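The values are calculated or read from the model by the stated rules, or taken from the named source; none is laboratory data. Just so we're clear, the structure is a prediction, and the values are computed from it rather than from any experiment. Every residue, glycine among them, receives a Cβ derived from its backbone with ideal geometry; neighbour counts consider all protein chains shown.
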Amino acid sequence: MNRGRVKAGGWVSAVVTLALGLSLAACSAAGPASIVGQQTLRIGVKADQPGLGQRLPGGRFAGFDVDVARYVAARLGVRPDHITFVPVTSATREAVLENGSVDMVIATYSITPERETKVTFGGPYYVAHQDTMVRADDTAIRSVHDLKGKRLCAVTGSNSWKRVTQELNITATLTPAASYSECVAMLLDRKVDAISTDDLILAGYAARSSTAVRIVNAPFSYERYGIGIRKGDLSGCEAVNKAVSQMYLDGTAAALLQKWFGRTRLQLDTHVPQFEGCG
Amino acid sequence: MLVTATSREPRRWRPAGRFGRLGLQTTPGRIRALAAVAVLVIAGFYLVASIAVGNARDGLRVIGHDAGPQVLATGDLYFALGDLDSQVASILLTGRESSPGARQQQLRRYSQDRAVANRAALQAAELSAGDPADQAAVRSILDGLGQYERLASRAMVLDEQAHHPAGPPPANVIAVYRQATDLMTLELLPPAYNLTLEGGATVREAYTAKRSAVSSGRLWVALAGLVVIAALAALQFFVAARFRRRLNFALAVATLGLIVLTVSAVRLLSGEAAHLQAAKTSGFDSILTMSRARAISNSLHADERRFLLDPGRADTYSLAYLDKSQTVLYVASADLSEYYTALGASMKAYRANPQAVRFLGFYGDEARAHPGPAVSAALSRFQQFQADDQRIRQLAEAGHDRQAVMLLTGRTAGSPGYDFDRYDQAVVSLIGQHRATFDQAIRAGDRELGRSVLGNWAALLPLAALGAAVLIVAGVWARLAEYR
């Protein structure tokens, strides 16, 4: 038995343990899995929102949100063929982030203090304004206050109808729906009298059935479209903000807004929005 | 381990092999080898220690002298810009009914804000030298500021000509003010705020990387110091045994010096890690949080004014008011009246037990991280500000617009304007406390890095390593000379 060697061995293992301990400590300091440094990304987008996020017959996704998602993913170092788009609805956006089935949600997702308790938001990448859409022959509704006593479409998980009936205390009758596409169908079928939501969403539908519907053009809120990521992913949030800044700086944002909404009468804002802040 | 191998050396009969070729079978060869090992491990110690000290210096530079001050400068810029627009709204809302003194005061504050904004923008420009994107942002703010001032002046001139009673000015004034406030909200405030956030991100990144590098550097320095001391001790014992002398003076001095150096380097790094932590978590984080809270609170006050000033956009300003209030202090609530109630309940619980922080938002973070009288004072004045807001909105809703305007624009004791100023003072003094902690920690970190037996640590480390190497050579030189 060679005692010297045993001692030396103990010394080596102590050093190795220390080194491992140090490197492990360095890893655990990074916190929960971040979207930074990922090779692939699953991004939640809307599948039925014309102009923003829509699944085309071939299965591809297209829209302003989808293009923003591609740009941000590229800035995060993810190759285009390594992005998987996952359809989400207004009602599922928090859940899919919390259970980890998507890494990022870019789906007309307004930043609200309540949602911020569950999700970390990068951006906003655009500030939309809530407005109201009615049937083209309806001239009685000129502002959101005229919705009093009317039937308003309420999409589950969306914040828009709450702005009208709760925050502005306007007593409209709520008719539930699963999506804004359903709302438009109900509006045309005269099952509801109005849809109140973000001007970008309304513009997408108005472009499709422009003679049948009318946008009231009385905006009344700031809807800050955020990029939802898992709660607490600070470095991911900071990286997303850098990407959004860059998107406005290099003219991509202006080009994308023009591409998707240039033909509508919407006033497009091509200045970088005020970020929410990550911490 | 070379040390253990050579210390089992006395078996002289071992045939000359690999060690033989290096001259290790002779005493002078072994002394030379041991001395070389000692010098090498000293070089290693020097490397490890200077990396760790360099990390501490980098951390202090970014947090204390670079991104940190940029965050403070752009925070001031954001506040001054927001306040500029708020003062314009106040002037337009008061109309002809302001006393000459009050008008003077409003105009004085307007020019003060303009001066602060210009100064802060220039400072931000200086600090952003080298970052083209940041410079572009500062430039666009300065350009926009000129344009804003022209619009604001025009609105104020038209307003004076209209000679209207307190309340909403005529449509032509509102139209110009809308242009001004939209320019401010869409083009001036966002880049200023984003610069602040970006500086905050840089500080967080530097802190995460440098603080853990300094703490682990401390362990590596301790380890390297132990190896150096062991190597020197081995050399000392070998020489003592071979030459039957009690002590090699030069080696003993080198050993003692390195013990002192290791201990003080470890102490320095512990201190630096603590200073970095204090500067970041007790200073910087709260300064950033509370500066944002202050700026957004100020824009809440401005939204009250705009709500009464521009009835066509009253809904927008009310909704924005609720969103911003919840950003500053979040309690679950669907509308403003629920917010007032929930705020009252959670403040009552908080006063009964300051550990029971049942709210989120900026104040939630601050009250949890740094409970104490300063944050409690700011909170109770925030509550008063919200209670005043409720009174103003109730008057407006009941159709008493004029009374609402008079209440809001008053500045006498107990009026909403007075309460808001008192609230703002409480926030400023809270920020001041954290600022003092921050400055103190950065100063202490700088001082300790610059203060050692031989002055600056950056100078001390190479000198000490070189000195130790010289002492080793000197210590073995005389012994080796006996063989010549």
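Quick look at the values:
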| item | result |
| --- | --- |
| Count - residues of the stretch A:260-279 that are among the aromatic types (Phe, Trp, Tyr) and either assigned to a helix (DSSP H, G or I) or more than 18 Å from the chain's Cα centre (by Cα) (or both) | 2 |
| Condition broken by residue B:267, with the remaining ones in (1) crowded, with 23+ Cβ neighbours inside 10 Å; (2) more than 14 Å from chain A (Cβ to nearest Cβ) satisfied | (1) |
| Of all residues making up the stretch B:228-249, the number that are touching a residue at least 60 places away in the same chain (Cβ under 8 Å) and surrounded by fewer than 19 Cβ atoms within 10 Å (Cβ to Cβ) | 6 |
| Some residue of the stretch B:169-180 being surrounded by fewer than 19 Cβ atoms within 10 Å (Cβ to Cβ), within 14 Å of another protein chain (Cβ to nearest Cβ) and in contact (Cβ under 8 Å) with a residue 60 or more places away in the chain | yes |
| Any hit, the stretch A:99-113, residues being assigned to a helix (DSSP H, G or I) and within 14 Å of chain B (Cβ to nearest Cβ) | no |
| Residue B:332 vs. criteria surrounded by fewer than 18 Cβ atoms within 10 Å (Cβ to Cβ), touching a helix residue (DSSP H, G or I) at 6+ places or on another chain (Cβ under 7 Å) and at the interface with chain A (Cβ under 9 Å from one of its Cβ atoms) | yes |
| Answer from B:314, B:377 - the residue that is away from chain A (no Cβ under 14 Å) and either surrounded by fewer than 19 Cβ atoms within 10 Å (Cβ to Cβ) or in contact (Cβ under 8 Å) with a residue 40 or more places away in the chain (or both) | B:377 |
| Residue in the stretch B:190-234 that is farthest from the other protein chains (Cβ to nearest Cβ), counting only those that are closer than 30 Å to residue B:76 by Cβ and aromatic (Phe, Trp, Tyr) | B:207 |
| Odd one out for residue B:355, checked against (1) without any contact (Cβ under 8 Å) to a residue 40 or more places away in the chain; (2) part of a helix (DSSP H, G or I); (3) over 23 Å from the mean Cα position of the chain (by Cα) | (2) |
| Out of B:326, B:355, B:394, sole residue that is more than 26 Å from residue B:95 (Cβ to Cβ), among the polar types (S, T, N, Q) and surrounded by fewer than 16 Cβ atoms within 10 Å (Cβ to Cβ) | B:355 |
| Odd one out for residue B:97, checked against (1) surrounded by fewer than 19 Cβ atoms within 10 Å (Cβ to Cβ); (2) in contact with an Asp or Glu (Cβ under 7 Å, 6 or more places away or on another chain) | (2) |
| Residue match in the stretch B:272-280 (condition: among the aliphatic types (A, V, I, L, M), crowded, with 23+ Cβ neighbours inside 10 Å and touching a Phe, Trp or Tyr at 6+ places or on another chain (Cβ under 7 Å)) | yes |
| Every residue from the stretch A:202-231 that is away from every other protein chain (no Cβ under 13 Å) and either at pLDDT 95 or above or under 28 Å from residue A:118 (Cβ atoms) (or both) | A:202, A:204, A:225, A:227, A:228, A:229, A:230 |
| Any hit, the stretch A:240-259, residues being in a helix (DSSP H, G or I), free of Cβ contacts under 8 Å to residues at least 24 places away in the same chain and within 24 Å of residue A:152 (Cβ to Cβ) | no |
| Test: residue B:54 is buried (at least 16 other Cβ atoms within 10 Å of the Cβ), of a type outside the set (A, V, I, L, M, F, W, C) and touching a helix residue (DSSP H, G or I) at 6+ places or on another chain (Cβ under 7 Å) | no |
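For every residue, the table says whether it meets (1) away from chain A (no Cβ under 14 Å); (2) modelled with pLDDT under 95; (3) buried (at least 20 other Cβ atoms within 10 Å of the Cβ); (4) in contact with a Ser or Thr (Cβ under 8 Å, 6 or more places away or on another chain).
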{"residue": "B:115", "(1), (2), (3), (4)": "yes, yes, no, no"}
{"residue": "B:121", "(1), (2), (3), (4)": "yes, yes, yes, no"}
{"residue": "B:133", "(1), (2), (3), (4)": "no, yes, no, yes"}
{"residue": "B:138", "(1), (2), (3), (4)": "no, yes, yes, yes"}
{"residue": "B:143", "(1), (2), (3), (4)": "no, yes, no, no"}
{"residue": "B:158", "(1), (2), (3), (4)": "yes, no, no, no"}
